[in-house]
Amino acid sequence: MDLRDFYLLAALIACLRLDSAIAQELIYTIREELPENVPIGNIPKDLNISHINAATGTSASLVYRLVSKAGDAPLVKVSSSTGEIFTTSNRIDREKLCAGASYAEENECFFELEVVILPNDFFRLIKIKIIVKDTNDNAPMFPSPVINISIPENTLINSRFPIPSATDPDTGFNGVQHYELLNGQSVFGLDIVETPEGEKWPQLIVQQNLDREQKDTYVMKIKVEDGGTPQKSSTAILQVTVSDVNDNRPVFKEGQVEVHIPENAPVGTSVIQLHATDADIGSNAEIRYIFGAQVAPATKRLFALNNTTGLITVQRSLDREETAIHKVTVLASDGSSTPARATVTINVTDVNDNPPNIDLRYIISPINGTVYLSEKDPVNTKIALITVSDKDTDVNGKVICFIEREVPFHLKAVYDNQYLLETSSLLDYEGTKEFSFKIVASDSGKPSLNQTALVRVKLEDENDNPPIFNQPVIELSVSENNRRGLYLTTISATDEDSGKNADIVYQLGPNASFFDLDRKTGVLTASRVFDREEQERFIFTVTARDNGTPPLQSQAAVIVTVLDENDNSPKFTHNHFQFFVSENLPKYSTVGVITVTDADAGENKAVTLSILNDNDNFVLDPYSGVIKSNVSFDREQQSSYTFDVKATDGGQPPRSSTAKVTINVMDVNDNSPVVISPPSNTSFKLVPLSAIPGSVVAEVFAVDVDTGMNAELKYTIVSGNNKGLFRIDPVTGNITLEEKPAPTDVGLHRLVVNISDLGYPKSLHTLVLVFLYVNDTAGNASYIYDLIRRTMETPLDRNIGDSSQPYQNEDYLTIMIAIIAGAMVVIVVIFVTVLVRCRHASRFKAAQRSKQGAEWMSPNQENKQNKKKKRKKRKSPKSSLLNFVTIEESKPDDAVHEPINGTISLPAELEEQSIGRFDWGPAPPTTFKPNSPDLAKHYKSASPQPAFHLKPDTPVSVKKHHVIQELPLDNTFVGGCDTLSKRSSTSSDHFSASECSSQGGFKTKGPLHTRQINIHQF
């Protein structure tokens, strides 16, 4: 049978499965003495093992692992990935592997091994039996290189004499097959006798008569050969000595004897007494018992044969487990040529003298006798394959196996005598780090014997516990102005793991640039100097990370509060505060708010204000910073007030600082324009017919004692220029010709010129009469003055040319009477006008102050809009000349304006265009809510928000000749702007929100606030 036949046989045997789920068995047959890396079999192929996971349908990576005993030299190896079995460099010697066994052909020589398939989901235990077939690697050998045979001289021809048989460790055809006698000298021949057991015994045949006296010794060679390929042989010297004759041989009573003896029989115990008889007498009848040449040396060591008596006794302790049956050949010789032969079969019976044997083969290779498991290994992790055996038989050899104490491990039976040591529950390194327990194997003998095997299992820590901080939130406090490197605290975290998994390093999170943290010790120090005013609190995280794989971490919040020190002086929002108030502001009115801050905290921040040098003109609230007037303002008497303010904090020692305050008194439009030219309302200018267009024919000039926009004047012709012959410059007051005079234009022209200022909140105005006489000459001045006198009877809103009665036909007496009467009327009118004006002015100003106070305290845009609507419904008032011509207001409900002496009624469109009106533009939105109690909102500064605000203050009651100031939306100006720039003609609101420009003027921040007020001037 060749190697291929053996593989086919092994494949057929592999089809017989024991348990496809747990254990299977394979049988392979190989030749001994195979070289390294010769394939023996393929486990997955021979067992038809699929690499596809039936549950998931995915390909699985199987691992094949040979279960070996520690210290064993493996005869085969298994590929962990493919499951193929190969020979190793360790030679498989059948004669060594099965030493002491019978060499019969039917007795197989084999060895067994176990292979496990991992992982646990695919776990299988494969028992592999490898039958080792013999190869002809041993030559047959005789017991001795020289064989001595004594043959009597009277031996008959064809007599046979046994020759010691040669032995060959090989079996079958590789064993002894042929003997050959060399140089027999034709005296001797050789014959082979085959025993029932298959042994070949050589016999020497006498072919010629022997004569000791002629030749007593024959030296030959005998050759033995086996049947192997290549054939092996050996030779021995056969020396035949011709001896004297003894013609009777001994005879045993029984040729085959079988006895039983217990294995615990003591030394010296008789086994059997053999008896042989000899018909000869004398020395030829003396029988000598000896062991046959085929008796194994081990048997000869166990049993002793008395050469004289034939008694076989126990010479050494027997062990049934080592050899259960001993076959002994005993020869009885009387010195004749052919001894008698008897075969004794000694059966050694079992006693329970062997404890069970535990064969512990680790699936997970131990290190110094200890198995290391990871605490994350799953349940049923295979640790070792345990094989228990007992050399005893029957009941004495029946073994049970168990674990001595309660541990998270159990034994799972695979075969009758094999168990898998597995984990029975999840392992926890933090609970128990090491297990040491015994596996007990006990037989069923009487008394029972047992054996233990110690198993040590150490758990390897897995990084399954993150570091834990002692405090999840760490709160600290430190004073500012600290030194660098100041120790703050030690941050500590613990980890239930061990080794590097418990080595913790600390790391600062973001927003922690002011701190240093020792990565090993957790010591937190300050890396910079803290300034509470820059940052009062630091909130950051600290991470504790272990060195496991993968690393685990946790975080704690750190809150560091910086304690204040009095290291900052109070700081004014401006080094120079400038406030602007209207003149006529009542005494004890609020004029401004000093804003001061202190970057410190607590008592160090509490600031008290005081005035240093003011002569009691103002009162300063030490806590709110509100400045109130202790005087009544009159810009014409004093336009500004300057004093110093000191701020002192409550620290120890206290700190202070000073600032300069300037109160600027702003003008109120309380003066009407005063006409300088023409000097009177009765003067005239001659306009020659030759005058060219554009030439100046008259000049109107007036002044206003107010300032700013209140003093800017605008000139307008409101009546007497119905032909459009003249034009007045609104700024200079120069009257020029628009076109060349025609002859029809000859005569006296009366121009009513309105002079109005651009004041706020109301515009004041004055009317002046300008008489222009168009003619080449003015020779009769009296006549012209008489014409002027007569024009006084014509209302100002009508042209003097519209009168039906020509002035030229009036006589001189009438003119004089008219002049006297007119003068009387003018005097009476002036007197009445003065009285009425005083009364109405007082009432008007009181009402105006009430309106302004209400708007200043709680501005309401809706009310303003309603007021505007009502004002628009009013009729335009009429004015009379003041100084030159007094204008008297007529009742608004008059349907028709009747002309009276010294009184004019201006057309509504002219009044809307020029007299007492100025367009202030759309009103800006308010920056505070109505009825707001916070006065500080009326004093917005260009600096940051002040540290404190004004408390609500009750307005002072209105007094005569005083105007309640309506504070602007922004009444705090940047220091350094000492003067106000002259406002443009498009903005006349001196309370407009403005800011100082680089040239010292003011830029309008937004739309100007417009207030349209009907003017009643007397």
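Here are the numbers for the structure shown:
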{"item": "Cut-off under 5 Å, modelled amide H: who pairs with residue 163 long-range", "result": "203, 204"}
{"item": "Subset of 45/458; 127/376; 587/660 violating a 25 Å alpha-carbon distance limit", "result": "45/458; 127/376"}
{"item": "Net lengthening on full extension, residue 203/residue 511 (0.36 nm per residue, minus Cα-Cα)", "result": "100.0 nm"}
{"item": "Distance in nm between pseudo-label sites at residue 65 and residue 241 (7 Å out along the Cβ direction from Cα)", "result": "6.8 nm"}
{"item": "About the Cα centre, charge dipole magnitude for segment 301-359 (Lys/Arg +1, Asp/Glu -1 at Cβ), debye", "result": "340 debye"}
{"item": "Burial order of peptide ranges 762-774, 501-513, 451-463, 480-492 (average beta-carbon count within 10 Å, highest first)", "result": "762-774, 451-463, 501-513, 480-492"}
{"item": "At R0 = 22 Å, FRET efficiency that the Cβ-Cβ distance of residue 248 and residue 194 yields, to 0.05", "result": "0.20"}
{"item": "Global form of segment 251-349, assessed from the alpha-carbon gyration tensor, a/c cut-off 1.5", "result": "prolate"}
{"item": "Estimated FRET transfer efficiency when R0 is 35 angstrom, pair residue 519-residue 50 (beta carbons, to 0.05)", "result": "0.10"}
{"item": "Simple Cβ-charge dipole of segment 674-792, Lys/Arg +1 and Asp/Glu -1, about Cα centre, in debye nearest 20", "result": "320 debye"}
{"item": "Stretch gain in nm, segment residue 776-residue 286, where the contour uses 0.36 nm per residue and the Cα spacing is subtracted", "result": "155.6 nm"}
{"item": "Calculated from backbone phi, Karplus (6.51, -1.76, 1.60) coupling profile of segment 454-466 in Hz, x at Gly/Pro", "result": "8, 10, 10, 10, 10, 8, 9, 5, 10, 7, 10, 10, x"}
{"item": "Rough spin-label spacing in nm, given labels placed 7 Å along Cα→Cβ, for residue 413 and residue 306", "result": "5.2 nm"}
{"item": "Listed residues 161, 150, 173: farthest to the positive end of the dipole of segment 146-243 (Cβ charges)", "result": "150"}
{"item": "10 Å beta-carbon shell around residue 445, net charge (K/R +1, D/E -1)", "result": "-4"}
{"item": "Three-way shape call for segment 146-243 based on the alpha-carbon gyration tensor, with the a/c threshold at 1.5", "result": "prolate"}
{"item": "Two-site FRET efficiency, residue 215 against residue 279, from Cβ-Cβ distance with R₀ of 22 Å, rounded to 0.05", "result": "0.15"}
{"item": "Cβ-defined net charge surrounding residue 569, 12 Å radius [Lys, Arg +1; Asp, Glu -1]", "result": "-1"}
{"item": "Amide H contacts under 5 Å for residue 272, placed H, 5+ residues apart", "result": "312"}
{"item": "Within the accessible area of segment 566-683 (1.4 Å probe), percent carbon and sulfur", "result": "45 percent"}
{"item": "Whole-number accessible area per residue in Å² for segment 674-792, which is evaluated in the context of all protein chains at 1.4 Å", "result": "39 Å²"}
{"item": "Accessible surface of segment 95-218, 1.4 Å probe, proportion on carbon and sulfur as whole %", "result": "49 percent"}
{"item": "Proximal charge balance of residue 383 [Cβ under 13 Å; K/R count +1, D/E count -1]", "result": "+4"}
{"item": "Projected label distance in nm at residue 137 and residue 351, using a 7 Å step from Cα toward the beta-carbon", "result": "4.0 nm"}
{"item": "Potential lengthening between residue 264 and residue 379 on full extension [0.36 nm per residue; Cα-Cα distance subtracted]", "result": "36.8 nm"}
{"item": "Accessible-area composition of segment 468-563, carbon plus sulfur, in percent [1.4 Å probe]", "result": "48 percent"}
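The values are calculated or read from the model by the stated rules, or taken from the named source; none is laboratory data. Worth saying up front: this structure is predicted, and the values here are computed from it rather than measured. Here Cβ is always computed from backbone atoms with ideal geometry, including for glycine, and neighbour counts include all displayed protein chains. Accessible surface areas use protein heavy atoms only, side chains included; no ligands, DNA or RNA. Shrake-Rupley method; radii C 1.70, N 1.55, O 1.52, S 1.80 Å.
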